[in-house]
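To start, the structure itself, in structure tokens.
Values in this text are rule-based calculations from the coordinates and carry no lab data. Computed from a prediction, not measured in an experiment: that's the story for all the values here. Here the Cβ positions follow ideal geometry from the backbone for every residue, glycine too, while neighbour counts run over all protein chains shown.
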Amino acid sequence: MQTPEWQDLRVTQVNRVAHDVVELRLVSATSAPLPAWSPGAHVEVETAGGQIRHYSLCGPADDAESYTIAVLREPEGRGGSEHLHTAVDVDSIVRVRGPRNHFELVPGATDYVLVAGGIGITPLKAMAEHLQATGQSWRLHYGGRSLSSMAYVDDLVSLAPASVQVHPEDEVGRLDLAAILSPVGPTTSVYCCGPSGLLDAATAAVADSAAHDLHLERFTSSAPVAVLHETGDSFTVELAVSGVEIEIAPDQSILQAVRSAVPDAPSSCEDGYCGTCETRVLSGTPEHRDTVLTASEQARNDTMMICVGRSLSPRLVLDL
Ligand code: FES
């Protein structure tokens with residue numbers, strides 16, 4: 001997978017789409033058409049202090065002129081969303097990389113069930129619009145703390161009133177995933193995005209159902225951080241582009257060690273779920289610990305997340 005380039009985009013619209021959720025419309029600062037994307041894709045946004053945050057694209061997928069993202073304000077976070085809420089306005093320039101898609105809408109199912117929790121609606125909104133436009137069978141179950149905190153409810157309900165069920169927790173309680181997912185059939189695909197508790201519940205409910213498959217988009221890691229960063233054997237990493245060799249200590253991640261030679265090596269979550277640090281493997285056998293790549297992508301061993309991954313071979317050669 002090729003790493004996309006960073007580009008400067010200009011903010012042309014700022015809309016409040018729910019309590020603490022702001023929608024930004026971004027166009028190329030040079031007026032060039034933007035790279036195409038498909039439902040489920042996200043872009044990386046560089047915020048104040050060089051932090052990288054991921055935002056799913058949630059505008060019209062056939063719009064080659066602009067990207068639309070929706071940003072939830074997270075006062076307890078590391079300041080990235082706060083910056084986008086308070087310091088970014090119309091005509092601001094935002095550095096963006098992507099799009100990438102680790103949450104592809106895979107064709108072939110006869111029916112699609114979409115389950116969103118809170119701001120997890122953003123990739124699923126793009127999927128719902130695509131499924132509706134292409135005449136496919138779909139249902140969306142959208143949960144959130146309260147109606148005022150839930151973005152795009154009116155848009156989705158008017159898109160397909162019979163296909164959208166809205167579950168504000170303060171009125172009707174939490175999404176009952178067992179009831180929603182246990183009846184689905186073997187040709188139904190399930191897509192779920194939201195907080196980790198929702199994804200865990202969806203995983204359990206799908207395991208008890210006949211569903212064809214389950215696709216998850218995570219905001220946080222599914223594995224305990226201690227497991228992701230568990231120490232291992234030391235090994236050697238060769239950086240093919242930089243021409244240096246680095247010894248990775250048992251208690252050190254590849255990313256930490258690589259920074260001595262490549263100080264601006266990109267990263268965001270550093271817990272293996274966002275995809276920012278994805279790096280091509282030129283030789284050697286990586287030990288994958290991420291939740292970005294699918295099992296078949298991991299089995300190809302041609303790319304890895306260096307914030308958590310280690311090596312099964314004494315030597316790894318990376319395209320850095
Ligand atoms: S920095 Fe997020 S997967 Fe490595």
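Some notes on this structure:
- When the helices of the chain are scored as -39500 (n - 2.57) per DSSP H run of n ≥ 4 and the total is divided over every residue, the value at 222 nm lands at -5000 deg cm²/dmol.
- Extension reserve of the T231-S146 stretch, reckoned as 0.36 nm per residue once the Cα distance is removed: 26.4 nm
- Near the amide H of L282, within less than 5 Å, lie the amide hydrogens of V317, L318, D319, all on another chain or at least 5 residues away, with H placed in the peptide plane.
- Per-pair calculated FRET efficiency, R0 = 30 Å: A295 and A240 via Cβ, rounded to 0.05: 0.70
- Of all the options L26, L57, L177, the one that moves most in a Gaussian network model of the chain with Cα springs shorter than 10 angstrom is L177.
- Extension gain (nm, one decimal) between L282 and S31, 0.36 nm per residue minus Cα-Cα: 86.8 nm
- Rounded to 10°, Cα long-axis angle of helix 196-207 versus longest principal axis of the chain: 80
- For M127, M305, the sequence from fewest to most other C-beta atoms within 10 Å is M127, M305.
- For the chain, the antiparallel share of DSSP beta bridges with both residues in that region comes to about 60%.
- Distance between region 181-201 and region 93-116 - C-alpha centres, whole angstrom: 15
- From phi via Karplus (6.51, -1.76, 1.60), per-residue ³J(HN,Hα) for region 303-320 in Hz, x at Gly/Pro: 7, 7, 9, 7, 6, 10, x, 10, 10, 8, 9, x, 9, 10, 10, 10, 7, 9
- A simple spin-label model places the labels of A87 and D63 2.5 nm from each other, with each point 7 Å out along Cα-to-Cβ.
- Compared with the dominant Cα axis of the chain, that is its longest principal axis, helix 121-133 is turned about 60°.
- Arranged from fewest to most other beta-carbon atoms within 10 Å of their beta carbon, H19, H102, H167 become H19, H167, H102.
- Separation of the R73 and D176 label points, Cα + 7 Å toward Cβ, nm: 3.5
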